[in-house]
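Below you'll find the structure, written out as structure tokens, and then a few comments.
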Amino acid sequence: MEILKQRPSRNPKEVLTFILLVSLSSVTLLTTLGVILSLVGDVVQFFRRVPLLEFLLAPEWTPLFAEPRYGIAPLIAGTFLVTAIALLVAIPLGLSLAIYLAEYASGDARARIKGTLELFEGIPTVVFGYFALLFVTPLLQRVIPDLNIFNPLSAGLVMGFAIIPYISNVAADAMESVPRSIREAAYALGARPYEVALRVVFPAAISGIIAAIILATSRAIGETMIVAIAAGQRPTLTLDPRETIATMTSYIVQAATGDQPTGSTAYYALFAVGFTLFLLTLFLNILAQWVVERYRERYE
């Protein structure tokens, strides 16, 4: 503690190192501010033409039609539908894998599995998208005959497997950080291994586990290529996983590669959707930080 109370060194090398580290750490903040500033002007132009209530509550999103409608509800519904399907796959599988890695796997097995999961994270999402469209959808159509070729069901299932490493690795690290003494105390009281894992370690690491789930949720909401390829690009206000839908990210892909004239309302709508997506992911990141701070378990 006495070291922390000392004044910063005046050594030029240490001062230069301090300035360099502060400059590098500020890159994230400056990037975030740059994103906001690059969007705000065009977003303001959009809301000068489209009322906020229409944007939030109107049930149709048809910016390129002769009579355009700018209700973002279909895009939000499609985004959350695909995300919910993905989380239904990723949460149980990811947490089960995390428990195995933290409590049952040997050191060598843990290293190999984590290495494989890290390689799995590096697979381009366009590969997952075509896998969902060309392989998973035909299999599902054998079971669900009225399933559209572009649908959120296959996109969500494949996305769920794509985000498993985000849950398993972070949750496993949180569980491994629980002190060994707590496990030993539980074993001394006669607890079985699965009881230690589920009733002792899991609750102790709940803050990290919830943060892992929120991180995976942000990743699923921001996913682009899987939904753009496999879920379709038709904004439909529905929660039916058999129907073709569009998400916020798939619309951004569609609009960014289109021919909307600069300065048109449809052009500014692209920035409004991007800003909404930014606010949504920012909220989830703040929520994750709050959960970690609120429910973090402290051990001495």
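The values are calculated or read from the model by the stated rules, or taken from the named source; none is laboratory data. Every value quoted in this text rests on a predicted model; they were computed, and no experiment measured them. Glycine gets a Cβ as well: all are built from the backbone with ideal geometry, and neighbour counts include every protein chain shown. Each accessible area value is taken on the protein alone, full model and side chains, heavy atoms only, with ligands, DNA and RNA left out. Shrake-Rupley method; radii C 1.70, N 1.55, O 1.52, S 1.80 Å.
If you go through segment 12-24 and keep only what is open to solvent by 70 Å² or more (accessible area, probe 1.4 Å) and modelled with pLDDT under 80, you end up with PRO12, LYS13, GLU14.
Counting only helices (runs of 4 or more DSSP H) wholly contained in segment 33-125, the ones carrying 2 or more residues that are modelled with pLDDT under 90 occupy 52-57, 107-121. Looking across LEU134, LEU139, one residue alone is over 25 Å from the mean Cα position of the chain (by Cα) and more than 20 Å from ILE213 (Cα to Cα). It is LEU139.
Within segment 175-202, being in contact (Cβ under 8 Å) with a residue 40 or more places away in the chain and in a helix (DSSP H, G or I) holds for MET175, GLU176, ILE182, PRO193, VAL196, ALA197, LEU198, VAL201, PHE202. Has segment 77-98 got at least one residue that is open to solvent by 30 Å² or more (accessible area, probe 1.4 Å) and of a type in the set (Ser, Thr, Tyr)? Checked segment 77-98: at least one residue is open to solvent by 30 Å² or more (accessible area, probe 1.4 Å) and of a type in the set (Ser, Thr, Tyr).
What about LEU88, is it within 18 Å of the chain's Cα centre (by Cα) and closer than 19 Å to ALA211 by Cα? Criteria met by LEU88. Within segment 126-165, the set of residues being open to solvent by 10 Å² or more (accessible area, probe 1.4 Å), modelled with pLDDT of 90 or more and not aliphatic (A, V, I, L, M) comprises PHE128, TYR130, PHE131, PHE135, PRO138, GLN141, ARG142, ASN148, PHE150, PHE161. Of the residues making up segment 149-163, none is touching a residue at least 40 places away in the same chain (Cβ under 8 Å), in a helix (DSSP H, G or I) and farther than 20 Å from THR249 by Cβ.
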